[in-house]
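The next block holds one structure in the form of structure tokens; read it before the comments.
The values are calculated or read from the model by the stated rules, or taken from the named source; none is laboratory data. Please read all numbers here as calculations on a predicted model, not as lab measurements. No Cβ is skipped: glycine too gets one built from the backbone with ideal geometry, and neighbour counts run over all protein chains shown.
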Amino acid sequence: MVKKVMITNRRSTTTVIPVTELGVKPVTGTPVPPAKTHEVAEYDNWFLQKVEKGLTEADDPDTRWVSDDEANRSWEKKRSILSKL
């Protein structure tokens with residue numbers, strides 16, 4: 001049996017592709033101990049919530065996008081202020 005993954009883009013189109021076609025190697029190594037399973041699930045849930053929030057914000061027409069130059073100027077100003085402290 002070939003393991004398959006579902007890839008969903010933000011427009012909700014789903015494609016099922018065999019993992020072998022993605023060049024993904026099977027995970028090997030030590031399985032997660034049962035005591036850590038809950039922590040892993042909590043982290044996965046937290047991470048997925050953050051990704052979903054980011055995608056929702058990115059799709060919002062009111063989102064203000066900042067250019068790389070603008071971001072660099074802003075951080076340079078902040079570094080300058082902090083270096084004087």
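Structure notes:
- Test: residue in segment 41-60 that is exposed (fewer than 10 other Cβ atoms within 10 Å of the Cβ), at pLDDT 90 or above, not in a helix (DSSP H, G or I) and not polar (S, T, N, Q): yes
- Evaluation of residue 28 against (1) at pLDDT 90 or above; (2) more than 22 Å from the chain's Cα centre (by Cα) (one fails), failing number: (1)
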